[in-house]
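Chemist: Following this message is one structure expressed as structure tokens.
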Amino acid sequence: MEQTRRLSEKYLNKENILADYRLANLSRNLSIIGRREVLSGKAKFGIFGDGKEIIQIAMAKQFMEGDWRSGYYRDQTWMMAMGLYDSVEFFHQLYGNTDTKINPGSGGRVFNNHFSVRNINPDGSWRDLTRQKNSSADISPTAGQMPRLLGLAYASKLFRQNPDLQRFTTLSVNGNEVAFGSIGDASTSEGHFWETVNAAGVLQVPMAISVYDDGFGISVPKKYQTTKGSISEVLKGFGAEPGKPGIIIYKGRGWDYPGLVMLYEEGIRLCRRDHVPVLFHIDEVTQPLGHSTSGSHERYKSEERLKWEVDFDPIRKMREWIIEEGIATPDEVDKMAAEAEEEAKQSRKKSWDMFQAPIKIERDALVKIISDRPCRCQEPAKEEAVDKIAEELGRVLNPIRKDNFMAARKILRNICETCDASANLKEELYGWLKRNYSDASKSYDSFLYNETPTSVLKVKPIPPVYSANSAEVPGRQILRDNYDKLFAKYPLLVTFGEDTGKIGGVNQTLEGLQKKYGELRITDTGIRETTILGQGIGLALRGMRPIAEIQYLDYLMYALQILSDDLATTHYRTAGRMIAPLIISTRGHRLEGIWHSGSPMSMLINSVRGVYVCAPRDMTRAAGFYNTLLEGNDPAIVIEPLNGYRLKERMPDNIGEFRIPFGIPEVLSQGTDITIVTYGSTVRIAAEAVKQLAAHGISAELIDVQTLVPFDTGKIILDSVRKTNRVLFLDEDVPGGTTAFMMQETLEKQGGWFYLDSPPKTLTAKEHRPAYTTDGDYFSKPNAEDIFDAVYSMIKETVPQKY
Ligand SMILES: Cc1ncc(C[n+]2csc(CCOP(=O)(O)OP(=O)(O)O)c2C)c(N)n1
Ligand SMILES: [Mg+2]
């Protein structure tokens, strides 16, 4: 009663309360029916938001246009309350419908209850992000939504505090946007959660995390997850105090509708107004249907707990509250609930029909081709096989496309070769296959990279220009002067990382620039690679142009999960609806020892498809990649060669302007006997080897790949191999690593094997990590002598009389 009195007028309105009650019921019924659909085999897997309905309805009331969500798979009610999701789409997601017109969030690429809202238009242009409610796309790994949440909130801080950004009115309204996050109680055990919470407290950003505490992470109870069994208890040290900014921590109960409405109203108001991070620990949350369709909670919850979950079911409690407070009669509320149940049922049917109709049309066309076939085969066994396959296909109750294609391809194998009629049949079948297969595979095999006009592959290259008096300067200076131009040219550009700000990076590539452009643009961060990456992803989603700096390539491993699961899949998992054009700047390859000179390039290229990978040989190339990237909208990693900061390079006259193209290797020396293919720091060593080889009468063509992904889109390497007929793939990665990748690209994909006179060869670092000291380097990684010997032996094998 007391609570109800304090509920502000705005929310104490019968119509709204009943609408909320109806929505909670609708959502619950969707969960129940959704689970049934999976258990009866119509859908593959299901995970639902049952028990979390009321929290999300209360939270959604505070979510304004321009705000951002970074949540997890329990958020169906929240999304519906914001008008971003409906009951039919709920089932489209469950069935994995690939029609992006009706299942736009993911186009069927991810589990159900993973959501997204466009941040770009189909032509690649940015949407007005202030006029829509934004949801970054969910990922399934627990706590994986946290690092990006930090960046989404951090963007508001930049927009509020940097007056130069006020004019970007379609990206932010003075940084008033709150970034809302949700997470399960058990997932707070992950390091990502702690890193994010700490960084948010340090940065003081408008981030609002809700922890839905249902006491379990699948079957494992809180006592194994959280010290003292309470996340708000253990977070107390982060609490904001007068003069000591921190995080405001609230506690609520998952079944307490008026309490939650008030809690969120107060918390979000402060978060938005003061840019103070808030955390809502919502305890006493239930999960009436258990974790997911993969199991049942009766296996691990006690009788007592199960009973408590029934008694404290949030919908039941809300019903009791409505009746007790005299807001509506039992008949009125029950009518709402019945209506909601009916809507859920109808939605299921509608979605199922929409899912099945095109598949059945496709199947019927195939079956018709077979049943109408004029040819009758001389071989009864084949004839029978064809009929049987078609008949079995016709009998499949709930066909999926795989059934159609399996049948068609098997039928093709059984068509005889003897008469003209069979040729027609084959043609018809191939026609059916071609038409439907390309359409089906496009549903799954597109949007790995930006395919719009803003793709970096469409950026016009500009070569570096030199004049007679172009100065020779240390490589780091090229980067510094280039950055200077870039910060002047792009107001949305920011960079941040460990030691990036005050000293301008450990290699001084940003020397003096913080002073010139301010701390908001060139910024020091804590040692927290995962959230540096996440900070970048969040900023990029909001239309900023972040360069996240990871101090050394070896430390990218700390952030690899987020890089691979989140950044690399952003565009793909949203079927092209979202982009996060984050640039990651790091440095690697040669230096000293196990953790500062790694070149784990195959680890990278194999785990981050969806992110371009640039391996410049010097700082001019590195600068040129940044310049190209800022003209397009793709995520990429640029690995500066660690041993090149002090080496002299000529300063281009058009610093800040020249652009190195992606996917275009550069031929650095012409040769006729062998092609050496390499990238990054090894280019210099190979160049030395080429000189040594020339002195012994061997003419080697040296090719710098430049970008590993994309790889040689113009088949420049093939042209070289066609001429030299021999090829050596060289790098500092492990044996079978990136050299194997380059070999596959060149020999298999480009068809280079056809031109070889000698077996192809790879020369890599040793299997162990690079050892310390110059000798450690010499014996761990390929050196000029190794290259000389490898090439020499290849030539000797084929022309023994000459060597
Ligand atoms: C990194 C990672 N580890 C494990 C899993 C498997 N998994 C999925 S949900 C889950 C439990 C999460 O529990 P909680 O955070 O409390 O959320 P709830 O499902 O209870 O809402 C686990 C272990 C995963 N998805 N990701
Ligand atoms: Mg839980």
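The values are calculated or read from the model by the stated rules, or taken from the named source; none is laboratory data. If you're wondering where the values come from, they're calculated on a predicted model, not measured in any experiment. Don't worry about glycine lacking a Cβ; one is built from the backbone with ideal geometry, like all the others, and counts go over all protein chains shown. Remember, those area values only see protein heavy atoms, side chains included, never the ligands or the DNA or RNA. Shrake-Rupley method; radii C 1.70, N 1.55, O 1.52, S 1.80 Å.
Chemist: Among VAL220, VAL211, VAL202, which is the only one that is open to solvent by 50 Å² or more (accessible area, probe 1.4 Å), of a type in the set (A, V, I, L, M, F, W, C) and under 29 Å from SER292 (Cβ atoms)?
Modeler: VAL220
Chemist: Can you pull out every residue in the range 600-627 that is in a loop (DSSP other than H, G, I, E, B) and either open to solvent by 10 Å² or more (accessible area, probe 1.4 Å) or under 23 Å from GLY538 (Cα atoms) (or both)?
Modeler: Passing the criteria: PRO600, VAL608, ARG609, GLY610, VAL611, ARG617, ASP618.
Chemist: Go through the range 322-345 and count every residue that is in contact with a helix residue (DSSP H, G or I) (Cβ under 8 Å, 6 or more places away or on another chain) and not β-branched (Val, Ile, Thr).
Modeler: Total meeting the criteria: 12.
Chemist: When you scan the range 474-490, do you find a residue that is surrounded by fewer than 13 Cβ atoms within 10 Å (Cβ to Cβ), in a helix (DSSP H, G or I) and at negative phi, even just one?
Modeler: Yes; the residues of the range 474-490 include at least one that is surrounded by fewer than 13 Cβ atoms within 10 Å (Cβ to Cβ), in a helix (DSSP H, G or I) and at negative phi.
Chemist: Still on this model: Can you name the number of the only condition in (1) surrounded by 13 or more Cβ atoms within 10 Å (Cβ to Cβ); (2) touching a helix residue (DSSP H, G or I) at 6+ places or on another chain (Cβ under 8 Å) that ALA240 fails?
Modeler: So the condition that ALA240 fails would be (2).
Chemist: Let me ask you something else. Can you name the residue in the range 628-680 that is touching a Phe, Trp or Tyr at 6+ places or on another chain (Cβ under 6 Å) and not in a loop (DSSP other than H, G, I, E, B) and is also farthest from THR452 (Cα to Cα) among such residues?
Modeler: Looking at residues that are touching a Phe, Trp or Tyr at 6+ places or on another chain (Cβ under 6 Å) and not in a loop (DSSP other than H, G, I, E, B), I get ARG650.
Chemist: Consider ILE676 against the criteria (1) surrounded by fewer than 23 Cβ atoms within 10 Å (Cβ to Cβ); (2) more than 22 Å from LEU629 (Cβ to Cβ): it satisfies all of them except one. Which criterion is unmet?
Modeler: (1)
Chemist: So, restricting to strands (runs of 3 or more DSSP E) that lie completely within the range 699-803, which ones have at least 3 residues that are open to solvent by 10 Å² or more (accessible area, probe 1.4 Å)?
Modeler: Filter on the range 699-803 gives 761-763.
Chemist: Right, here's the next one. In the range 447-469, which residue that is of a type in the set (Gly, Ala, Ser) and modelled with pLDDT of 95 or more is most open to solvent (accessible area, probe 1.4 Å)?
Modeler: SER467
Chemist: Can you tell me which residue is nearest to ligand 2 (Cβ to nearest atom) among those in the range 281-327 that are under 28 Å from LEU94 (Cβ atoms), among the basic types (Lys, Arg) and open to solvent by 40 Å² or more (accessible area, probe 1.4 Å)?
Modeler: Within the range 281-327, the match that is nearest to ligand 2 (Cβ to nearest atom) is ARG305.
Chemist: Enumerate the helices (runs of 4 or more DSSP H) found wholly within the range 175-288, keeping only those where 2 or more residues are within 16 Å of ligand 1 (Cβ to nearest atom).
Modeler: Ranges flagged: 191-203, 231-234.
Chemist: Of all residues in the range 48-83 being open to solvent by 10 Å² or more (accessible area, probe 1.4 Å) and either of a type outside the set (Gly, Ala, Ser) or within 16 Å of ligand 1 (Cβ to nearest atom) (or both), which is farthest from ASP213 (Cα to Cα)?
Modeler: Per the stated criteria, the residue is GLU65.
Chemist: Which one of the conditions (1) at pLDDT 95 or above; (2) crowded, with 19+ Cβ neighbours inside 10 Å; (3) more than 16 Å from ligand 2 (Cβ to nearest atom); (4) more than 26 Å from ILE32 (Cβ to Cβ) does VAL261 fail to meet, given that it meets all the rest?
Modeler: (4)
Chemist: Residues that are away from ligand 2 (no atom under 16 Å from the Cβ), basic (Lys, Arg) and farther than 30 Å from THR170 by Cβ: find the helices (runs of 4 or more DSSP H) completely inside the range 1-110 holding 2 or more of those.
Modeler: In the range 1-110, the matching helices (runs of 4 or more DSSP H) lie at 2-6, 14-39.
Chemist: Would it be correct to say that LEU520 is open to solvent by less than 30 Å² (accessible area, probe 1.4 Å) and of a type outside the set (Lys, Arg)?
Modeler: No.
Chemist: Just checking, does the range 199-222 include any residue being over 20 Å from LEU533 (Cβ atoms), more than 9 Å from ligand 2 (Cβ to nearest atom) and basic (Lys, Arg)?
Modeler: Looking for residues that are over 20 Å from LEU533 (Cβ atoms), more than 9 Å from ligand 2 (Cβ to nearest atom) and basic (Lys, Arg), one finds none in the range 199-222, hence no.
Chemist: Determine whether the range 170-179 contains at least one residue that is open to solvent by less than 20 Å² (accessible area, probe 1.4 Å), in contact with a strand residue (DSSP E or B) (Cβ under 6 Å, 6 or more places away or on another chain), away from ligand 2 (no atom under 16 Å from the Cβ) and β-branched (Val, Ile, Thr).
Modeler: Yes.
Chemist: Can SER585 be described as touching a His at 6+ places or on another chain (Cβ under 6 Å), away from ligand 2 (no atom under 16 Å from the Cβ) and in contact (Cβ under 8 Å) with a residue 60 or more places away in the chain?
Modeler: no
Chemist: Out of (1) within 16 Å of ligand 1 (Cβ to nearest atom); (2) touching a residue at least 24 places away in the same chain (Cβ under 8 Å); (3) of a type in the set (Phe, Trp, Tyr); (4) in a helix (DSSP H, G or I), what's the single condition that is false for PHE115?
Modeler: With (1) within 16 Å of ligand 1 (Cβ to nearest atom); (2) touching a residue at least 24 places away in the same chain (Cβ under 8 Å); (3) of a type in the set (Phe, Trp, Tyr); (4) in a helix (DSSP H, G or I) applied to PHE115, the lone miss is (4).
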